[in-house]
Amino acid sequence: MKIIFNDSVIDNKIVEPDYESEFNSAKENGFETEIFSFEEIEDGNINNALKFIKTCEKIELGIYRGWMMTPKIYEQFYNGLLKKNIQLINNPTEYKHCHYLPESYDKIIKETPKSNWTKDISKNSILELSSEFGDKPIIVKDYVKSEKHNWNDACFIPNASDKNKVLEIVNRFIELRGDYLNEGFVFREFIELEFLTEHSKSKMPLTKEFRIIFLNKKVVQIFNYWDEGNYDSEKPDIDFFQNIAENIESNFFTMDVAKKKNGGWIIMELGDGQVAGLPDNANRNKYYNELNKNCVEHRV
Ligand SMILES: Nc1ncnc2c1ncn2[C@@H]1O[C@H](COP(=O)(O)OP(=O)(O)O)[C@@H](O)[C@H]1O
Ligand SMILES: [Mg+2]
């Protein structure tokens, strides 16, 4: 099993510094590692991007760890690696399934806030979608990311029927996302969650959330989602979320779950496991050790 990492922007022979500790932990825990150029792949130079990756004699499984890619770029990456006999754990369809919220929404619909979405960012379409939420509070994000650290300016809308406010927040959101806007925007009903603290820098409200990582449909690890705030010992009901995970069309993904203020849990979002960040609190060595155990188990 190979783990394929982003290179550093300044030196294409070394790993991107943000992933250095993961790179070392992967090696220490029995994985082979490879490095490719993220910049080259984004520029469409797939052969150059993968030039330091050795071709395997026979097909081997790979996991990517690095920055998020659009599904289009991921497909080029996936196919380029296949030519070198490396098959990434998720094919392009599986990658997109957890990367874009609309793709997997039906699978989590009962446990996640009511959501709608569009690729049309005109005023009419913004107001048409927001009106479906009556006068409830909502949040806006794109198919992948929110502007959560600009909570009051570009994420949280206190009342969906306040048209001026809806337009103000969505326009600010679109402006801040700029070229990084993924596909379109999504509105979601805001759910009151158990409050932990305010983020020390952005002041966004941090609530009791966890990131559960599933590999081959089995839990690898559960992390506190935030690095700030006092989590008590309470953890989400893993069996419950494990059952939902069975229906998710991906071999490696994250499920972020949050505790509601009045009890009960919701699924906040899914993400592809290859591009999901580990919280700072995550012990990298333990994580790669668990990943390896899971891989060994599933190879038999
Ligand atoms: N529907 C919601 N109800 C309550 N809080 C929400 C809701 N959606 C997002 N949040 C808060 O905003 C944060 C970011 O939202 P998320 O969908 O995870 O976007 P991102 O991909 O940017 O992390 C969540 O971790 C949560 O704290
Ligand atoms: Mg999130």
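The values are calculated or read from the model by the stated rules, or taken from the named source; none is laboratory data. Bear in mind the structure is a predicted one, so any value in this text is a computation, not a measurement. Every residue, glycine among them, receives a Cβ derived from its backbone with ideal geometry; neighbour counts consider all protein chains shown. For accessibility, only protein heavy atoms count, side chains too; no ligands or nucleic acids. Shrake-Rupley method; radii C 1.70, N 1.55, O 1.52, S 1.80 Å.
How large is the Kirkwood hydrodynamic radius of the range 193-299, in angstrom, based on all distinct alpha carbon pairs? Each step should come with its number before you reach the end.
On the way: mean 1/r = 0.0688 Å⁻¹.
When all Cα pairs of the range 193-299 are included, the Kirkwood radius is 14.5 Å.
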Hey, what D do you get for the range 130-264 in µm²/s if you plug the Kirkwood alpha-carbon radius into Stokes-Einstein at 25 °C and 0.890 mPa s? 149
Can you give the log10 of the normalised intensity I(q)/I(0) at q = 0.07, 0.08, 0.09 Å⁻¹, computed with Debye over equal Cα scatterers of the chain? -0.28, -0.37, -0.47
Out of the total accessible area of the chain (probe 1.4 Å, heavy atoms of protein only), what percent is carbon and sulfur? 45
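Within the range 1-81, report the GluC sites (Glu not before Pro) that DSSP leaves as loop and that have at most 11 other Cβ atoms within 10 Å. Kindly include the intermediate steps, with their values, before the conclusion.
Details: sites: GLU20, GLU22, GLU28, GLU32, GLU34, GLU39, GLU40, GLU42, GLU57, GLU60, GLU75; in loops: GLU57.
For GluC sites (Glu not before Pro) across the range 1-81 that sit outside H, G, I, E and B with at most 11 neighbouring Cβ atoms in 10 Å, the list reads GLU57.
Suppose a student asked you for the relative contact order of the range 2-88, using Cα pairs under 8 Å spaced at least 6 residues apart; what percent would you report? Kindly include the intermediate steps, with their values, before the conclusion.
On the way: 131 pairs, mean separation 26.7, N = 87.
Relative contact order, the range 2-88: 31 percent.
Could you please tell me the mean projected area of the C-alpha convex hull for the range 256-300, averaged over all directions and given in square nanometres to one decimal? Numbers along the way, then the final one.
Numbers: hull surface 18.8 nm².
Averaging across all directions leaves 4.7 nm² for the Cα convex hull.
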What is the extension gain from LYS203 to GLU39, computed as 0.36 nm multiplied by their sequence separation minus the C-alpha to C-alpha distance, in nm to one decimal? 55.8 nm
Note to self, the chain gives a 222 nm [θ] from helices alone (DSSP H runs n ≥ 4, -39500 (n - 2.57) apiece, / all residues, nearest 500) of -9500 deg cm²/dmol
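Counting other Cβ atoms within 10 Å, which chymotrypsin sites (Phe, Trp or Tyr not before Pro) in the range 1-91 have at most 15 and lie in a DSSP loop? The partial results should precede the final answer.
Values: sites: PHE5, TYR19, PHE23, PHE31, PHE36, PHE38, PHE52, TYR64, TRP67, TYR74, PHE77, TYR78; in loops: PHE31, PHE52, TRP67.
Filter output for the range 1-91: PHE52, TRP67.
Around ASN285, under 12 Å between beta carbons, what's the net of Lys plus Arg minus Asp minus Glu among the other residues?
0
Under the 0.36 nm per residue contour assumption, what length would be gained going from the current alpha-carbon distance of ASN124 and ASN230 to full extension?
Contour length minus Cα-Cα distance gives 33.9 nm.
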If you roll a 1.4 Å probe over the heavy atoms of the protein chains, what accessible area per residue do you get for the chain, in Å²? 49
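Please give the length that would be gained between SER161 and CYS56 if that part of the chain were fully extended, namely 0.36 nm times their separation in residues minus their C-alpha to C-alpha distance (nm, one decimal).
Numbers: separation 105, 0.36 × 105 = 37.80 nm, distance 5.74 nm.
Between SER161 and CYS56, full extension yields 32.1 nm more.
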If the range 114-189 were replaced by its equivalent ellipsoid, with semi-axes equal to the square roots of 5 times the Cα gyration tensor eigenvalues, what would those be, largest first, whole Å? 17, 13, 11
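Would you please classify the overall shape of the range 1-108 from the alpha carbon gyration tensor, given that a ≥ b ≥ c denote the square roots of the eigenvalues, rounded means a/c under 1.5, and beyond that prolate means a/b larger than b/c while oblate covers the rest? Please report the intermediate quantities before stating the final value.
Values: a/c = 1.42, a/b = 1.40, b/c = 1.02.
In terms of gyration-tensor shape, rounded.
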